[in-house]
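The values are calculated or read from the model by the stated rules, or taken from the named source; none is laboratory data. These numbers come from a predicted model, not from an experiment. When we count neighbours, we look across all protein chains shown, and the Cβ atoms used for this are built from the backbone with ideal geometry, even at glycine.
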Amino acid sequence: MKYGFIGAGNMGGAIMKGMTIGTGKYDPKSIFVTDKFFPAAENLSAATGIIPCETGAEVVANADVLVLAVKPHILATAIPEFYDVVAEKKPLVISIAAGKTLEYLGSLLPAGTPVVRVMPNINAKIGAATCGICKNEYVTEEQLEIAKGIFGTIGTVIEVDENHFGIFTTLAGSAPAFAYMYMDALARAAVQSGMPKKQALEIAAATVEGSAKMVLKSGEHPWALVDQVCSPGGTTIEGVLKLQEKGFEHALKAAFDAVLEKDNMIAGKK
């Protein structure tokens with residue numbers, strides 16, 4: 001099995017590094033890549049041992065699986081350059097372009113092309129991504145497992161109904177930024193109270209990590225866990241009530257809605 005990547009940017013690079021130097025599950029010589037900025041492909045080759053190609057057509061000619069790792073607005077101009085080779089080679093095509101539906105992708109590719117849509121997030125850079133995945137009717141179960149295997153090298157893969165992909169993109173794709181802001185705000189508050197920033201940020205990040213594991217592994221509802229932390233007449237309940245007073249939950253809901261609205265616009269739903 002050979003794999004081709006159109007795009008050697010941050011996310012494409014993270015996936016290829018996860019496949020090779022991150023997990024060692026894939027032979028670098030079975031992976032081909034190109035990028036409109038060719039030095040990016042060369043640099044990735046130097047780091048991982050994968051094979052750089054000067055054109056998309058060359059990549060597709062070598063690939064059984066083709067990963068489109070380009071920005072959403074690039075797809076319509078990039079695909080025609082290797083359309084004929086896709087028609088001839090008939091690879092499994094995987095797209096990581098935000099907001100672009102299976103129907104849209106299918107309209108750009110030869111009829112009957114098996115297409116998988118995946119939405120990874122920035123945590124792919126450390127092998128801790130949360131990736132949503134869905135497929136069109138031409139994708140076999142074997143091909144779906146191939147796609148899951150690729151993205152399993154950079155984190156967790158979750159099957160999501162495409163109707164919920166915009167929601168997934170908001171939760172997993174954009175919410176990490178909210179989490180980073182939350183951790184930094186906690187750390188800055190600790191700095192104001194006298195703790196060094198580096199130590200405060202380490203504590204905040206470790207606390208968020210542990211709290212996330214608690215939700216995932218305990219099976220308890222987050223609010224039940226909040227109640228467990230809030231002792232009667234204690235300190236934590238004061239902070240919880242102040243967050244609610246200042247609109248913490250409302251602000252998060254507004255941020256979620258803003259991201260989802262923009263994702264719908266990209267997908268052409270609005």
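Restricting the first member to segment 249-265 and to residues that are of a type in the set (D, E, K, R), and the second to residues that are assigned to a helix (DSSP H, G or I), the beta-carbon pairs closer than 7 Å and six or more apart or on different chains are Asp263/Gly166; Asp263/Thr169; Asp263/Thr170.
When the residues of segment 113-135 are filtered to those that are in a loop (DSSP other than H, G, I, E, B) and touching a Lys or Arg at 6+ places or on another chain (Cβ under 8 Å), the one that is surrounded by the fewest Cβ atoms within 10 Å (Cβ to Cβ) is Thr113. Taking Val70, is it in a loop (DSSP other than H, G, I, E, B) and modelled with pLDDT of 95 or more? Yes; evaluated as a whole, the condition is true for this residue. Only one entry of Tyr138, Tyr180 meets the criterion of being of a type in the set (Ser, Thr, Tyr), out of contact with any helix residue (DSSP H, G or I) (no Cβ under 6 Å at 6 or more places or on another chain), within 21 Å of Thr101 (Cα to Cα) and at pLDDT 95 or above, and that entry is Tyr138. Here Glu54 fulfils each of the conditions (1) assigned to a helix (DSSP H, G or I); (2) surrounded by fewer than 19 Cβ atoms within 10 Å (Cβ to Cβ); (3) modelled with pLDDT of 95 or more apart from (1). Taken together, the residues in segment 90-102 that are over 17 Å from Lys71 (Cα atoms) and either surrounded by fewer than 21 Cβ atoms within 10 Å (Cβ to Cβ) or without any contact (Cβ under 8 Å) to a residue 12 or more places away in the chain (or both) amount to 1. The C-beta contact set for segment 198-221 (first residue under 20 Å from Ala187 (Cα atoms), second residue charged (D, E, K, R) and in a helix (DSSP H, G or I), distance under 8 angstrom, 6+ apart or interchain) comprises Ala200/Arg188; Leu201/Asp184; Ala204/Asp184. Number of residues in segment 89-112 that are touching a strand residue (DSSP E or B) at 6+ places or on another chain (Cβ under 7 Å) and assigned to a loop (DSSP other than H, G, I, E, B) equals 5.
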